[in-house]
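Everything on this sheet refers to the single structure shown next.
The values are calculated or read from the model by the stated rules, or taken from the named source; none is laboratory data. Keep in mind the model is a prediction, meaning the values are calculated, not measured. For neighbour counting, all protein chains shown are included, and Cβ atoms are generated from backbone atoms with ideal geometry for every residue, glycine included. These accessible areas exclude ligands, DNA and RNA; they are computed on the full protein's heavy atoms, side chains included. Shrake-Rupley method; radii C 1.70, N 1.55, O 1.52, S 1.80 Å.
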Amino acid sequence: MAEKVLVTGGGGYIGSHCVVELIEAGYHPVVVDNFSNAVREGDVPESIRRIEKFLDTSIEFHELDLLDQPGLEKLFKKHSFSAVIHFAGLKAVGESVEQPLRYYRVNLTASMNLLEVMQAHKVHNLVFSSSATVYGDPQRLPIDEQHPVGGCTNPYGQSKYFIEEMIKDHCKAEKDWNAMLLRYFNPIGAHSSGLIGEDPQGIPNNLLPYVAQVAVGRRECLSVYGKDYDTLDGTGVRDYIHVVDLAKGHIAALKKLKDGCGCKVYNLGTGTGYSVLQMVKAMEKASGKEIKYKIAPRREGDIASCYADPRLADKELGWKAKFDLERMCEDLWRWQSKNPTGFSDGTAS
């Protein structure tokens, strides 16, 4: 019988791609989401509805906010989960600077509720969606897992750091717990079908969705925040990773939990950094469209460069990113061109 894995925030961008990989790897995902960043189609996220269609399967979904601890208790009483993959949380750097208390309340309380309910129901295997923002402004590049953490430049990163510390402390206290803390770099791209992808609600906070929306004519112009960083062209440099590669990293992490590994930390990135303007050029090539941009002041909380040393994940998880920048941009453009207004467009279904 397939192992049941609870996926929190499974209707969102990374979560939905992970649901696909879980099903294809033979797991039985149970998805919860509160629709804070997922498009509703009846009682389920549109992303989940589309996955059911192209994989010809049914996926159990529950509308649930992790701040609702009694609701979470009820779900754990109903199911016997072998593990939890925890994506749910607020995730926009700029918004977190403007609304720090909201980010701490939502991200920390939700995670505490989840850990407490897992403990009560003897579910001791966790994969946590963390972030390279826990490294703060890098002291050295590329960033490996031994790089100091905690000097975060924004409340979003701080919330991820605090959750990591909670999980580490809990694993020290409870020796039968196993946790994988996966520090993401910058996910982009979409499923090769073009049926699911990133559909941010409102104005995109991340670079590539905004670039794609400019290319498809949904937005007029891209704002490039800062052109005076100490980088090759003055714009910020990041490590971009295909979302499908990232999702496959979660499957590798789930398998590693079987080893009784305790609490482990892994970077999920490519090890290569690209600037904002390099990404604009790559998307112009993929889309065949001119992407207009203007230079704007730096955003508070941003840093100059951030890219991974991903060798530990290769060595211990047997995972490495496979897709190159061209493929990332091609898949992103396929998704955006098929769904000019995102999931609400409906033309791809």
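Residues that are of a type in the set (A, V, I, L, M, F, W, C) and touching a strand residue (DSSP E or B) at 6+ places or on another chain (Cβ under 6 Å) were ranked within the range 165-184; the one that is nearest to R311 (Cα to Cα) is L182.
Which residue is nearest to A308 (Cα to Cα), if the candidates are limited to the range 213-236 and must be open to solvent by 10 Å² or more (accessible area, probe 1.4 Å) and among the β-branched types (V, I, T)? Per the stated criteria, the residue is T231.
Run down G217, G197 and say which single residue is in a loop (DSSP other than H, G, I, E, B), under 18 Å from the mean Cα position of the chain (by Cα) and in contact (Cβ under 8 Å) with a residue 40 or more places away in the chain. Can you show your working first?
Working: G217 fails: under 18 Å from the mean Cα position of the chain (by Cα).
Going through G217, G197 in turn, the sole match is G197.
For the range 303-327, residues that are in a loop (DSSP other than H, G, I, E, B) and either of a type outside the set (G, A, S) or crowded, with 16+ Cβ neighbours inside 10 Å (or both) total 11.
Do you know which residues across the range 74-117 are outside any helix (DSSP H, G or I), open to solvent by less than 50 Å² (accessible area, probe 1.4 Å) and over 28 Å from E174 (Cβ atoms)? Let's see the steps before the verdict.
Within the range 74-117, the subset outside any helix (DSSP H, G or I) is 79-92, 99.
Narrowing further to those that are open to solvent by less than 50 Å² (accessible area, probe 1.4 Å): 79, 81-90, 92.
Passing the criteria: only A92.
Considering S36, S47, the condition of being in a helix (DSSP H, G or I) and under 23 Å from K91 (Cα atoms) is satisfied by S47 alone. Condition first: in contact with an Asp or Glu (Cβ under 8 Å, 6 or more places away or on another chain) and without any contact (Cβ under 8 Å) to a residue 40 or more places away in the chain. Can you find one or more residues in the range 109-128 that meet it? Scanning the range 109-128 turns up no residue that is in contact with an Asp or Glu (Cβ under 8 Å, 6 or more places away or on another chain) and without any contact (Cβ under 8 Å) to a residue 40 or more places away in the chain. Could you tell me which numbered condition V244 fails, if it satisfies all but one of (1) over 29 Å from T8 (Cβ atoms); (2) in a helix (DSSP H, G or I)? Checking V244 against (1) over 29 Å from T8 (Cβ atoms); (2) in a helix (DSSP H, G or I), the one that fails is (1). A single member of I251, I291, I295 is surrounded by fewer than 22 Cβ atoms within 10 Å (Cβ to Cβ), closer than 29 Å to I167 by Cα and not acidic (D, E), and it is I251.
Within the range 338-349, does at least one residue satisfy the condition of being open to solvent by less than 30 Å² (accessible area, probe 1.4 Å) and within 19 Å of the chain's Cα centre (by Cα)? Yes, the range 338-349 contains at least one residue that is open to solvent by less than 30 Å² (accessible area, probe 1.4 Å) and within 19 Å of the chain's Cα centre (by Cα).
Here are the criteria: (1) at negative phi; (2) open to solvent by less than 60 Å² (accessible area, probe 1.4 Å). Tell me which single one G260 does not satisfy. The failed condition is (1).
Restricting the range 159-181 to residues that are assigned to a helix (DSSP H, G or I) and more than 27 Å from E95 (Cβ to Cβ) leaves a set whose member that is least open to solvent (accessible area, probe 1.4 Å) is C171. Among the conditions (1) open to solvent by 30 Å² or more (accessible area, probe 1.4 Å); (2) at pLDDT 95 or above; (3) touching a His at 6+ places or on another chain (Cβ under 8 Å), A2 misses just one, which is (2).
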